[in-house]
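J.: Please find one structure pasted underneath; my questions will follow.
Every read-out reported here was derived from the displayed coordinates using simple, explicitly stated rules and does not represent laboratory data. Keep in mind that what you see is a predicted model, and the values were worked out from it rather than measured. Reconstructed Cβ throughout: ideal geometry from the backbone, glycine too, with neighbour counts over all protein chains shown.
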Amino acid sequence: MALTAVVAAEAIALAVLTVVLVIDLITLEPDSVGGAIALVAVTAIAAVWVSVMTVHTWRGRSWVRGGIVVVQVLAVAVAVGAFQGAFARPDVGWLLLVPALAALALLFSGPVVRATTREDETR
């Protein structure tokens with residue numbers, strides 16, 4: 001399923017980002033140690049959560065649709081922020097925006113809805 005591939009790629013990207021943030025926390029001196037630790041923790045939690053959704057998307061569970069919508073809406077919001085401001089990073093914005101929109105489009109496609117709907121839920 002294509003949706004599983006997109007969500008898996010996002011999970012891998014979050015895991016890599018978590019490792020990079022931990023390395024930065026160890027090797028660099030952050031302006032705010034508490035803020036840096038909080039960022040690592042939130043990123044790690046997100047990586048675990050998106051990984052769990054990847055596994056259950058593969059298994060065709062219906063509950064993942066809501067979780068995936070939330071993750072993609074948050075990714076779109078961060079992408080919009082990356083396109084604007086004094087420290088704009090359009091490259092990062094596109095890296096976040098394209099998979100998020102692809103996942104949303106796939107999520108509401110007929111095959112994915114059918115694959116993630118249980119027979120006993122349709123009655």
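J.: How big is the C-alpha Rg of region 46-110 next to the rule-of-thumb value 2.2 N^0.38 Å, as a ratio?
T.: Cα-based Rg divided by the globular estimate yields 1.22.
J.: Counting only Cα atoms, I'd like the Rg/Rh figure for region 2-52, Kirkwood definition for Rh.
T.: Ratio value, two decimals: 1.08.
J.: So if R0 is 35 Å, what FRET efficiency would Ala13 and Ala115 give, r being the distance between their Cβ atoms, rounded to the nearest 0.05?
T.: My answer for the efficiency is 0.90.
J.: With runs of 4+ DSSP H residues as the only contributors, calculate the mean residue ellipticity of the chain at 222 nm using -39,500 (n - 2.57) per run, divided by the residue total and rounded to the nearest 500.
T.: Estimated from H runs of four or more residues: -26500 deg cm²/dmol.
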